[in-house]
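See structure below.
The values are calculated or read from the model by the stated rules, or taken from the named source; none is laboratory data. Treat the numbers as computed from the prediction; the structure is a model and nothing was measured. Glycine also receives a Cβ, built like all others from the backbone with ideal geometry; neighbour counts cover every protein chain displayed. Areas reflect the complete protein model, heavy atoms only, side chains present, ligands, DNA and RNA absent. Shrake-Rupley method; radii C 1.70, N 1.55, O 1.52, S 1.80 Å.
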Amino acid sequence: MGCNENNKECTNNYNKKIVLQHGKLTPQEFLQYFETKVFKTIKKYKLFERNEKICVAASGGKDSTAVLHLTKRYYERYNIPLENLFAIAIDEGIERHRNESLKNLKQFCKAENIKLIIVNVKDNFKTNIDESAEKIRKIGRKPCMVCGIWRRYLLNKYARENGAKKLITGHNLDDEAQAIMMNQFKANVSLTASLGPISGKKDHKMFVRRIKPLYFCTNDEVEIYCKVKGWELDFCDCLYSQEGYRSQIKQMLNEFEEKYPGTKHGIVKSFLEILPLIKEKANQDIGKIKECEICKEPANKNVCNACKLQKELLG
Ligand code: FES
Ligand code: ZN
C-alpha cells in the first residue's frame with residue numbers, strides 16, 4: 001500500500017538498517033526493545049496520568065500508527081480504562097497522499113477498538129492544501145508550512161473540545177533534531193520552548209499540551225518497528241515536503257549522521273539540558289497570549305496564524 005517506488009528503496013534499506021543497528025536482536029527482541037524504550041519515556045517524563053483523557057494525533061503514517069498502538073498497549077499493561085483514549089486525524093485534502101492513509105487508519109482504529117474523529121481542513125478553512133497549493137506558492141509560502149499551521153490549530157481545538165488533557169504526537173528523535181536546528185537557524189526562541197518530550201504552554205486553558213512518547217526513537221527504528229509488525233503503511237514523506245525548509249535540514253542532518261553517527265542524539269541531548277531555562281522564560285510570557293479576533297482561539301497577535309493564512313488565500 002506504499003505510494004511509489006521510494007518504497008522499494010525503503011524495503012531494501014530495511015534489512016541493511018536492522019543489521020547495522022540492531023544486528024544482535026531478533027525481530028521479537030527488537031519489538032521488546034522498542035516498546036520498553038517508549039514506555040520508559042512515558043514514565044520518566046510523566047507524559048500522562050491514569051485519569052487523564054488522552055488524544056492521539058493520527059494520520060495513518062508510520063510514526064502515529066506506532067505511537068497509537070503503543071499507547072494502547074501501555075493502557076492495557078497498566079489497566080488504564082480505554083475510554084480515556086481517542087484519536088483525531090486531520091484530512092488536509094491531499095488526495096494522492098492522505099486518502100489511502102486515512103483508509104488504513106480507519107481500519108486500524110476499528111481493529112484496535114479506538115475511537116477515531118476525522119476533521120476536515122476544508123470544513124474549517126473553506127479550502128484545502130491541494131486546492132490552494134498554487135496560491136500558497138504565489139503568496140511566497142510553502143504548502144507544508146500552511147498545512148502545519150492549520151493542522152496544529154485543528155488538533156489543539158478538536159482535542160480540547162473533546163475533553164483531552166494531553167495530545168500525543170508521533171514526533172521521533174529525527175523530527176526533534178530537525179526542529180531544534182530549524183529554530184536555531186531562524187532564531188526562533190519562542191518556538192524552541194514548545195519542543196521537548198512534553199511541550200506546549202503550561203497552565204493555559206486553551207492549549208492542550210503535546211506529548212511525544214517516541215522522543216528517543218530514531219526514524220529508522222520506528223520504520224523497523226512498523227515493518228516487523230507487518231503493517232502495510234505508506235512510508236513516504238508528504239508529497240509537498242520536498243519544497244520545504246525542513247527537508248533541507250533533514251538532508252543535511254542525515255548526511256552528517258552518516259559521517260558522524262550520534263549527531264542527532266547529540267543535538268537532542270544537549271538541547272534537553274538547556275530546555276528548562278527556555279521553558280521558564282516562555283512561561284513568563286504566558287500572560288501575553290491573546291484571543292484571536294476572528295475565531296477566538298489562542299493567538300500571539302490579534303489574529304491567529306491560521307485565520308491570517310485563510311484570509312491571505314481566500315481574501
Ligand atoms: Fe501537509 Fe506537507 S502539506 S505535511
Ligand atoms: Zn483565528
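Quick notes on this structure:
- Selection of first residues in segment 175-199 that are in contact (Cβ under 8 Å) with a residue 60 or more places away in the chain and of second residues that are of a type in the set (Lys, Arg), restricted to Cβ pairs under 6 Å at least 6 apart or on distinct chains, gives the following pairs, ordered by first then second residue: Ala177/Lys264; Gln178/Arg246; Gln178/Lys250; Ala193/Lys279; Pro197/Lys212.
- Residue check for Arg98: modelled with pLDDT of 95 or more and out of contact with any Leu (no Cβ under 9 Å at 6 or more places or on another chain): no
- Pairs, first of a type in the set (A, V, I, L, M) and near ligand 1 (Cβ under 9 Å from one of its atoms) in segment 232-243, second in a loop (DSSP other than H, G, I, E, B) and open to solvent by 30 Å² or more (accessible area, probe 1.4 Å), C-beta under 9 Å, six or more apart: Leu239/Cys3
- Selected residue (criterion: most open to solvent (accessible area, probe 1.4 Å)) from residues of segment 271-313 that are closer than 22 Å to Arg152 by Cα, away from ligand 2 (no atom under 13 Å from the Cβ) and in contact with a helix residue (DSSP H, G or I) (Cβ under 8 Å, 6 or more places away or on another chain): Asp285
- Taken across segment 142-151, residues that are open to solvent by 60 Å² or more (accessible area, probe 1.4 Å), within 16 Å of ligand 1 (Cβ to nearest atom), modelled with pLDDT of 95 or more and of a type in the set (Lys, Arg) do occur, with at least one present.
- Tabulated pairs, segment 300-315, first aromatic (Phe, Trp, Tyr), second in a loop (DSSP other than H, G, I, E, B) and open to solvent by less than 80 Å² (accessible area, probe 1.4 Å), C-beta under 8 angstrom, 6+ apart or interchain: none
- On the stretch given as segment 124-169, residues that are on the phi < 0 side of the Ramachandran plot and away from ligand 2 (no atom under 16 Å from the Cβ) total 26.
- So Asn104, is it away from ligand 1 (no atom under 12 Å from the Cβ), assigned to a helix (DSSP H, G or I), modelled with pLDDT under 95 and touching a Gly at 6+ places or on another chain (Cβ under 7 Å): yes
- For Leu25, the conditions (1) part of a helix (DSSP H, G or I); (2) at pLDDT below 95; (3) among the hydrophobic types (A, V, I, L, M, F, W, C) all hold with the exception of (1).
- The criterion of at least 1 residues that are under 13 Å from the mean Cα position of the chain (by Cα) and among the charged types (D, E, K, R) is met by the following helices (runs of 4 or more DSSP H) wholly inside segment 156-247: 173-185.
- Among the residues making up segment 49-61, those that are out of contact with any Ser or Thr (no Cβ under 9 Å at 6 or more places or on another chain) and either among the hydroxyl-bearing types (Ser, Thr, Tyr) or open to solvent by 20 Å² or more (accessible area, probe 1.4 Å) (or both) are Glu49, Arg50, Asn51, Glu52, Lys53.
- Evaluating Val121 against the criteria (1) without any contact (Cβ under 8 Å) to a residue 24 or more places away in the chain; (2) within 16 Å of ligand 2 (Cβ to nearest atom) leaves one unmet condition, (1).
- Being modelled with pLDDT of 95 or more, in contact with an Asp or Glu (Cβ under 7 Å, 6 or more places away or on another chain) and open to solvent by less than 40 Å² (accessible area, probe 1.4 Å) holds for only one residue in Phe39, Phe34, Phe86, and it is Phe34.
- Number of residues in segment 228-270 that are in contact with a Phe, Trp or Tyr (Cβ under 9 Å, 6 or more places away or on another chain), under 29 Å from Lys135 (Cβ atoms) and surrounded by 16 or more Cβ atoms within 10 Å (Cβ to Cβ) equals 1.
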